[in-house]
Structure formats: structure tokens, C-alpha cells
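Trainee: Pasting in a structure now, in C-alpha cells, and then I'll have a few things to ask.
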Amino acid sequence: MQKRALITGVTGQDGSYLAELLIAKGYAVHGLRRRSSTFGTQRIEHLIFGESPSLHLHYGDLSDGNGLVRLIREIRPHEVYNLAAQSHVRVSFDQPAYTADVTAVGTLRLLEAIRDVQDDTGEQIRFYQASSSEMFGKVVETPQKETTPFYPRSPYGVAKVYGHWITVNYRESYGLHASCGILFNHESPRRGETFVTRKITRAATRIKLGLQDKLFLGNLDAQRDWGFAGDYVEAMWLMLQQDEADDYVIAMNELYSVRDFCEQTFSRLGMDYRDHVEIDPRYYRPAEVDLLLGDSTKARTRLGWTPQTSFAELVDMMVEGDLELARQEAVIKGLPAGRKAA
Ligand code: NAP
Ligand code: GDD
């Protein structure tokens, strides 16, 4: 029997990689999309257009509980992956109540919908919650693992702690097969352009081709454990294939600073980041997370999860992707770099 999966946040970075993975595994994949004045489906166009569209999209929103119940009743998924969120940490300081409603209470609405439908049909629905290393915030130990206490430092981090604990609570209270992946930062050429890695690769490649001069950043000393999103969605799927639901840290177990990311990106393009990067205090956060370093031993041992992409390969992949975008832009603007590359 073909398995059915529902992905919330399917239009986002992780949603697009997870949809590809599940389709390759033979799932019928359904995705929740928000209504917007633009299409917003750039990352998944290859899955929804063409001769054999393999991804089925449904309008919905984590703020609309009744809609979620109706959708789950209609699809009757075997697996639900909750990737939808207001996911930007800096923005969560500007929109704290909205972030709480979507990222925290939205998770509760989805769990309630699953519980209702599962009770009615008697068919198990497995649940994945996109928890975050941002929950560790002002870290109380390093590296961080599943047992490390949370100390969130942003409205987003606080909302994710709620989403995490309500998922654990529904597992313990109602026996739901509900797992949380505590994922450390993961990036790709599909990463949103306002997250720091993509902001750097996008700007550096545009600077290289003469499309801009400077890159304005905030705290260059923040340190993160960066992996490739394509590797991390495999871990999500593995969690839902286990007999018992559980929580897992997913990380590379390696630490780099924002400055390191700048240095590596610009040097690949034959430039020195110090000639182009300037600090703009607007990008500082009211409370910063200085260091996140994961220990993913549990996932590697119990799930057999192994990331395939190194930090250097990740930077290369993102630089290549953005160089191509910058070349296209140069062609449109009639710049010499565009003509040479065209
Ligand atoms: P992303 O690119 O920002 O995607 C977020 C997705 O959520 C988008 O599809 C967005 O739709 C959707 N969304 C936002 N508000 C919604 C609402 N009210 N109702 C329904 N959908 C809504 O994020 P990502 O990097 O793929 O991350 C996926 C999940 O993992 C998020 O929950 C994030 O918080 C979490 N996470 C990410 C990382 C990371 O490093 N990437 C690490 C740990 C945890 P639109 O396209 O319409 O905006
Ligand atoms: N976005 C951004 N823009 N960050 C900057 C900038 C800038 O101009 N300059 C410095 N930074 C620093 C931030 O202060 C932060 O310490 C670090 O770069 C990483 O910022 P982001 O790339 O925005 O990621 P994040 O760590 O805050 O959050 C991401 O990872 C979380 C997992 O720990 C998001 O994907 C979250 O959704 C995710 O949960």
C-alpha cells in the first residue's frame, strides 16, 4: 500500500528537500501551502508542474485549527511532518505574538487535529516536530545533546520550546507516535536569503560580478554547527520509521563562526572578506545566541544517520548556486560578467 505523508511548510527550504525524498521513496506527498499574493512555490515547482506532478498542494495555515482537522480527515496521512513556522529568529523579536501563535500554538493545533482523526479512524498517524537548537540558546553545557536543558534567547526559541514540550506531552499523555528532531542550523542553495549563510553567498557572488559593493552584517563572532539541509531531512524520515517515537539531536558536531563562513566564501571567489564586509548594528539581536554545537551521537547510533556533506562542500554548493543566479542577473543588466558567462 502506498504511504501518504503531509508536510506543513512544504514551500520552505526543508519542505522542498523532504518532499523530494518522500516522493523518491514512493510516498503520495501532500503539502500545506499558505495563500499569498504571489505563487511562493519556487522551491517545489519541479514537483508540482510537468507531466507527472507528484506533490499535491492544499491551502491551509497553522493558525486555522478547523482547516487542519478537515485536511487531515481528507488525506488520512500515515505520517505528518510539521515544518511550518515563523522561522526567523531576528523577526521573532518584531513579531513575538505572531511567532507564538504559529510556531508554538500552531503545533498544538496540528497535534489536536491528529489526535481527533486518529481517535475517529483508529489508524495511527506518526508525527514529526521540527524542534530547534535555538531552544538551547544561552547554552548551559557544550556540546548540546538531548538531555541538555533549554534556555531560549528569542521569542522564536521560546515558541519552539513550547512546540517541543507539547509534542512530548502528547506522546506521553495520548500515546501518539510523535518525535522531535532538534536540528542544528542547516543550509543549502535553497536557504532563505535573510539567513546569514545565504546572505553571505548571495552577496559575495554579486560583489564578484560587480552587482554590489558591500555586505552589511551583524555579529561576526556568533558560532554555529552548520550542515546541509538535504542530509538533515533524511533524519526526519528515519525518526518516523522507528518502532518507538523519541527525540534526537541532528548536527555535524563541528563549530564555525560567521566570520569563518565569510572567509571561506570570499576566498573561494578569490576575494578577501575584509575588503567588503561592514558591520551594521541593525543586524544585532536584542539577545544573542553566541554558540551552538551539537552532539548527534544518539541519532548516529540509533537511527544509523550519517551526514554526507562536509562544511567545505556546503559552502561550495551555495557559492555555485548563487554564482549562477548572479550571472543570470548580470546578463539581464547587460554587464560584462554576464556576457562572459552567458
Ligand atoms: P523556512 O524556509 O523559513 O520555511 C518555513 C515554512 O513554513 C514555509 O513553507 C512557510 O510558508 C511556512 N509557514 C510559515 N508560517 C506559516 C503558517 N502560519 N501556516 C502554514 N505555513 C507557514 O524554514 P526551514 O529552514 O525550511 O525550516 C523548517 C522548519 O525547521 C521550521 O519549523 C524551522 O523553524 C525549523 N528549523 C530550521 C532549522 C534550519 O537551520 N533551517 C533548524 C532547526 C529548526 P511560506 O513559504 O508561505 O512562507
Ligand atoms: N540573519 C542574519 N543576518 N544573521 C546574522 C547577520 C545578518 O546580517 N549577521 C550576523 N548574524 C548572526 C546572527 O546574529 C546569528 O548569531 C547567526 O548569524 C546565525 O543567524 P541566522 O542565519 O539568522 O540563523 P539562526 O541561528 O538565528 O536561526 C536559524 O537556525 C536555527 C537553529 O539553531 C534558523 O534557521 C532557525 O529557524 C533555526 O531554528
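The values are calculated or read from the model by the stated rules, or taken from the named source; none is laboratory data. Note that the coordinates shown come from a computational prediction; the quantities given were computed from them, not determined experimentally. Here the Cβ positions follow ideal geometry from the backbone for every residue, glycine too, while neighbour counts run over all protein chains shown.
Trainee: Quick one: which of D322, D280, D247 is touching a residue at least 40 places away in the same chain (Cβ under 8 Å) and in contact with a Cys (Cβ under 9 Å, 6 or more places away or on another chain)?
Mentor: Result: D247 is the single residue among D322, D280, D247 that is touching a residue at least 40 places away in the same chain (Cβ under 8 Å) and in contact with a Cys (Cβ under 9 Å, 6 or more places away or on another chain).
Trainee: Out of the residues in region 301-316 that are more than 21 Å from E187 (Cα to Cα) and in a helix (DSSP H, G or I), which is nearest to ligand 1 (Cβ to nearest atom)?
Mentor: Here is the first cut: in region 301-316, the ones more than 21 Å from E187 (Cα to Cα) are 301-304.
Checking which are in a helix (DSSP H, G or I) leaves us with 301-303.
Values: T301: 21, R302: 20, L303: 17 Å.
This residue is L303.
Trainee: Which of the residues belonging to region 46-88 are at pLDDT 95 or above and assigned to a helix (DSSP H, G or I)?
Mentor: G65, N66, G67, L68, V69, R70, L71, I72, R73, E74, I75
Trainee: I would also like to ask the following. Looking at region 103-142, which of the residues that are in a loop (DSSP other than H, G, I, E, B) and more than 16 Å from ligand 1 (Cβ to nearest atom) is nearest to H78 (Cα to Cα)?
Mentor: I125
Trainee: Now, a different point. With respect to A204, determine if the residue is more than 16 Å from ligand 2 (Cβ to nearest atom) and touching a strand residue (DSSP E or B) at 6+ places or on another chain (Cβ under 8 Å).
Mentor: No; evaluated as a whole, the condition is false for this residue.
Trainee: Hey, any hits in region 150-158 for a residue that's among the hydrophobic types (A, V, I, L, M, F, W, C), within 12 Å of ligand 1 (Cβ to nearest atom), part of a helix (DSSP H, G or I) and within 16 Å of V289 (Cα to Cα)?
Mentor: no
Trainee: From the set of residues in region 56-90 that are within 10 Å of ligand 1 (Cβ to nearest atom) and farther than 15 Å from T8 by Cβ, which is surrounded by the fewest Cβ atoms within 10 Å (Cβ to Cβ)?
Mentor: H88
Trainee: Can you name every residue in region 1-25 that is at pLDDT 95 or above, over 19 Å from L71 (Cβ atoms) and in a loop (DSSP other than H, G, I, E, B)?
Mentor: K25
Trainee: Search region 199-221 for residues that are free of Cβ contacts under 8 Å to residues at least 24 places away in the same chain and pair each with any residue that is acidic (D, E) and within 12 Å of ligand 2 (Cβ to nearest atom) when their beta-carbon atoms are under 8 Å apart and the residues are at least 6 apart or on different chains.
Mentor: K199/E193
Trainee: Within the group L269, L240, which residue is in contact (Cβ under 8 Å) with a residue 24 or more places away in the chain, more than 23 Å from the chain's Cα centre (by Cα) and away from ligand 2 (no atom under 14 Å from the Cβ)?
Mentor: The match here is L269.
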